[in-house]
Amino acid sequence: MSRPRTLFDKVWEAHVVSGGGTAPALLYVDLHLVHEVTSPQAFEGLRLAGRRVRRPELTVATVDHNVSTGDRRLPIADEISARQIAALVRNAREFEVELFDLDSPEQGIVHVIGPELGLTQPGMVIVCGDSHTSTHGAFGALAFGIGTSEVEHVLATQCIVQSRPRTMEVRYEGMPAAGVTAKDLVLALIRRIGTAGATGHVLEYTGEAIRALSMAGRMTVCNMSIEAGARAGMVAPDETTFAYLEGRARAPAGSAWGRARRDWSAWTTDTGAAYDAEVRIDAAALAPQVTWGTSPGMTAEITDRVPDPADAPSEADRQSYRRALEYMGLRPGTPLEGLKVDRVFLGSCTNARIEDLREAATVARGRRVASGVRAMVVPGSQRVKAQAEAEGLDRIFTDAGFEWRNPGCSMCLGMNDDILAPGERCASTSNRNFEGRQGRGGRTHLVSPLMAAAAAVEGRLVDVRALMQRQPAPYA
Amino acid sequence: MQPFTSHTGRAVGLLRANVDTDQIIPKQFLKRIERTGFGSALFYDWRYGPDGSPDPAFELNRPAAAGATILLAGPNFGCGSSREHAPWALADYGFRAIIAPSFADIFFGNCCQNGLLPVVLPEAQVTVLARRAEADGEYRITVDLTARRVTDGEGFEAAFPFDDYRRDMLLQGLDEIGKTLLEAARIAAFERRRAALALGDRA
Ligand code: SF4
């Protein structure tokens, strides 16, 4: 019998075109996703070298990063954003790449629309000029972010040069309590191993708590793998995966569906296969997580207090803790629960899927956004938006005083006009709390959609579990 | 791509941990559709105060840092977003090499694509180099990729690991696409095999 292999080993080995061993391998790419910010220089490079896109039919483009989430009928106010979007339209036409443009019903954040259209499938190698490409690993694909030179390389060759990463199993033991979600599972991991804890590794998430997650939850977990420094994150496909994909616009259909499903079930880790590293996390013991600093590793439980830099493990940590607390305007020992927020952002490729909005709506329903708080909901895609409107979620949010916006990356990175003012404190469902990420001087606390909705209605960071008990009827 | 064989230059220390690419080049500068012109926005939020004037306390603004071509950085340098604008900005500003205890994966690769050499040395050694650079405006460091070695005029000498594939590319200033296209026959053969797998060929 052949040696037992991990899911990662299988996907990697199935895609090696040449090389490998100790040298980097040339890997074949099954799906290349493209957006407006990291692609213009790549297309320009092709043009200058007189090269074509090798497999336009394996390439899909959308606009998301700097689109306005306001009224789409208005011309784009920012001239330079308009130029970048126009460049992608031109490049897509010239190189015959399919583009979901601003007025397409499929437009949305690249990591939301890939899965939603059924483009993302088990066993694939997927790349995109964006670090959160790790999201697609939720389907048992090997998916990772690349730089613009590599985007150009993939466009020209449909291949990517990669040195083989190591593997790490992240096993969640037990089931999380009600109110503790996928976002909390992954924040707890980053808190444990740090933002460089998985550098050079591909993570495979396993355990009961992962199996029980919806595809949306698995995508949230895989999405933030990069925040632990990992090259990618993966979850082996199962019935949940297949049920999600069945009937999607670009998923195999008819007789091809049966065959694909059979082939896909082989993308799992064999019994006895070894990982290079392992982490175990007790999911049952977790409370909702919240970041207190300026790196996703600076995470605590909502029941904790702001840490004292003096207690940090090393001098370098003491310095970065001090810097972070100063930036965040926080004092050591302050309880996290009760911190007043000015803004709430529900969105991003981490948490703007229909399931995330449904979850947040269970808290928002029948309540009001606290006075003085500006809260916005930015669906991940046009489809998510339409689905939410069909279910009446938009009304739950707007009745509660949330703004209901158009899809895009929005305040996840603040490239459009959705930004924090200096000193504003924000509960955000996005993935990065770096200095200035959501606007210069803005103070970001990363939380789950449930926790963000709770912060909006209470006007401060709170433990959503208490709030949930006060509202017995869950959203149907 | 500009080849990198060996480089001697002045250095500046920026020893904070986990410097992310949002700090290296804030997003408001990502809207250009060219590869050049990012140097003036490098570390923008740290380099300039809210009124746009240079912050004298920021490491790169100190007089001793003028003309530095080697950046001495902290662990996990370049984490966060995959934006290649970060190495473009560093190179455009004038840096030829970055020496740090560790780099984020994507950033490391992006540097190599742009002739900006990422060098991994233990934290204690980076600190020594930074201290010397700060103390002496005439201090020079040599980063030699051919020999995979960092030296200075004061007796410092350390070897650094660097994989052969990327080293060859950098030494020769090779275009990776051109290199891969030499394998066109293998790619085509793979595509014929792949057609038998259910991997994303859309209806
Ligand atoms: S939502 Fe945020 S993290 Fe996701 S792709 Fe957009 S900018 Fe990147």
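Tabulated results
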read-out	value
Any hit, region B:44-59, residues being under 18 Å from B:LEU121 (Cβ atoms), away from chain A (no Cβ under 11 Å) and of a type in the set (Gly, Ala, Ser)	no
Residue list for region B:146-164, filter: within 17 Å of the chain's Cα centre (by Cα) and either assigned to a helix (DSSP H, G or I) or surrounded by fewer than 17 Cβ atoms within 10 Å (Cβ to Cβ) (or both)	B:ARG148, B:ARG149, B:PRO161, B:PHE162, B:ASP163
Top-ranked residue of region A:427-474 - restricted to ones that are assigned to a strand (DSSP E or B) and either of a type in the set (S, T, N, Q) or more than 18 Å from the chain's Cα centre (by Cα) (or both), ranked as farthest from the ligand (Cβ to nearest atom)	A:ARG460
Selection status of A:ALA324, open to solvent by less than 30 Å² (accessible area, probe 1.4 Å), closer than 16 Å to B:ASP20 by Cα and within 14 Å of chain B (Cβ to nearest Cβ)	yes
Options A:ARG191, A:ARG171, A:ARG218; residue that is part of a helix (DSSP H, G or I), away from chain B (no Cβ under 12 Å) and either small (Gly, Ala, Ser) or open to solvent by 10 Å² or more (accessible area, probe 1.4 Å) (or both)	A:ARG191
Selection count where residues are more than 10 Å from chain B (Cβ to nearest Cβ) and either open to solvent by less than 10 Å² (accessible area, probe 1.4 Å) or of a type outside the set (A, V, I, L, M, F, W, C) (or both), scope region A:101-126	15
Pair list, Cβ < 7 Å and 6+ apart or interchain, from region A:348-366 residues that are within 23 Å of A:ASP64 (Cα to Cα) to residues that are part of a helix (DSSP H, G or I) and away from the ligand (no atom under 16 Å from the Cβ)	A:ILE354/A:GLN387; A:ILE354/A:ALA388; A:LEU357/A:ALA388; A:LEU357/A:LEU393; A:ARG358/A:LEU393; A:ALA360/A:LEU450; A:ALA360/A:ALA453
Options B:SER102, B:SER53, B:SER40, B:SER81; residue that is within 16 Å of the ligand (Cβ to nearest atom) and assigned by TED's automatic domain parsing to the domain that holds B:ALA11	B:SER81
Entirely in region A:250-369, the helices (runs of 4 or more DSSP H) that have 2 or more residues that are basic (Lys, Arg)	A:255-264, A:315-328
So B:ALA91, is it in contact with a Cys (Cβ under 7 Å, 6 or more places away or on another chain) and hydrophobic (A, V, I, L, M, F, W, C)	no
Filter pass, A:GLY147 being among the small types (Gly, Ala, Ser) and within 16 Å of the ligand (Cβ to nearest atom)	yes
Residue within region A:380-396 that is more than 21 Å from A:ASP463 (Cα to Cα), within 12 Å of the ligand (Cβ to nearest atom) and in contact with a helix residue (DSSP H, G or I) (Cβ under 8 Å, 6 or more places away or on another chain) present	yes
Hits in region A:404-425 (condition: surrounded by fewer than 17 Cβ atoms within 10 Å (Cβ to Cβ) and away from the ligand (no atom under 16 Å from the Cβ))	A:ALA421, A:PRO422, A:GLY423
Enumeration of residues in region B:60-99 that are away from every other protein chain (no Cβ under 14 Å) and in a loop (DSSP other than H, G, I, E, B)	B:ARG62, B:ALA66, B:GLY67, B:ALA68, B:THR69, B:GLY94, B:PHE95, B:ARG96
Within region A:49-77, considering residues that are away from the ligand (no atom under 16 Å from the Cβ) and under 20 Å from A:GLY408 (Cβ atoms), the one surrounded by the most Cβ atoms within 10 Å (Cβ to Cβ)	A:ILE76
Single match in B:VAL128, B:VAL120 (criterion: of a type outside the set (Asp, Glu), within 24 Å of A:GLY21 (Cβ to Cβ), open to solvent by 10 Å² or more (accessible area, probe 1.4 Å) and in the same structural domain as B:PHE43 (by TED's automatic domain parsing))	B:VAL120
Some residue of region A:263-280 being among the hydrophobic types (A, V, I, L, M, F, W, C), under 30 Å from B:ALA104 (Cβ atoms) and open to solvent by 60 Å² or more (accessible area, probe 1.4 Å)	yes
Condition met for A:THR199 (within 16 Å of the ligand (Cβ to nearest atom), in a loop (DSSP other than H, G, I, E, B), open to solvent by 10 Å² or more (accessible area, probe 1.4 Å) and closer than 30 Å to B:TYR165 by Cα)	no
Condition check for A:VAL363: buried (at least 24 other Cβ atoms within 10 Å of the Cβ), within 16 Å of the ligand (Cβ to nearest atom) and closer than 16 Å to A:ILE396 by Cα	no
Single residue of B:GLY115, B:GLY178, B:GLY137 found to be part of a loop (DSSP other than H, G, I, E, B) and more than 21 Å from the chain's Cα centre (by Cα)	B:GLY137
The listed residue being buried (at least 16 other Cβ atoms within 10 Å of the Cβ) and touching a Leu at 6+ places or on another chain (Cβ under 6 Å), out of B:LEU42, B:LEU30, B:LEU72, B:LEU60	B:LEU72
Members of region A:366-384 that are closer than 14 Å to A:ALA452 by Cβ and surrounded by fewer than 24 Cβ atoms within 10 Å (Cβ to Cβ)	A:ARG367, A:VAL369, A:ALA370, A:VAL373, A:ARG374, A:MET376
Region A:128-168: number of residues that are within 10 Å of another protein chain (Cβ to nearest Cβ) and part of a strand (DSSP E or B)	7
Pair list, Cβ under 6 Å, 6 or more apart: region B:62-73 residue at positive phi, other residue of a type outside the set (Gly, Ala, Ser)	B:GLY67/B:ARG10
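Per-residue answers, yes or no, for (1) in contact with a Ser or Thr (Cβ under 9 Å, 6 or more places away or on another chain); (2) without any contact (Cβ under 8 Å) to a residue 24 or more places away in the chain:
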residue	(1), (2)
B:SER82	yes, no
B:TYR93	yes, no
B:PHE103	yes, no
B:CYS111	no, no
B:GLN125	no, no
B:ARG132	no, no
B:ALA135	no, yes
B:THR142	yes, no
B:LEU145	yes, no
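The values are calculated or read from the model by the stated rules, or taken from the named source; none is laboratory data. Computed from a predicted model, the values in this text were never measured in an experiment. Counting neighbours? That spans all protein chains shown, and the Cβs are built from the backbone with ideal geometry, glycine included. Surface areas here come from the heavy atoms of the whole protein model, side chains and all, with no ligands, DNA or RNA. Shrake-Rupley method; radii C 1.70, N 1.55, O 1.52, S 1.80 Å.
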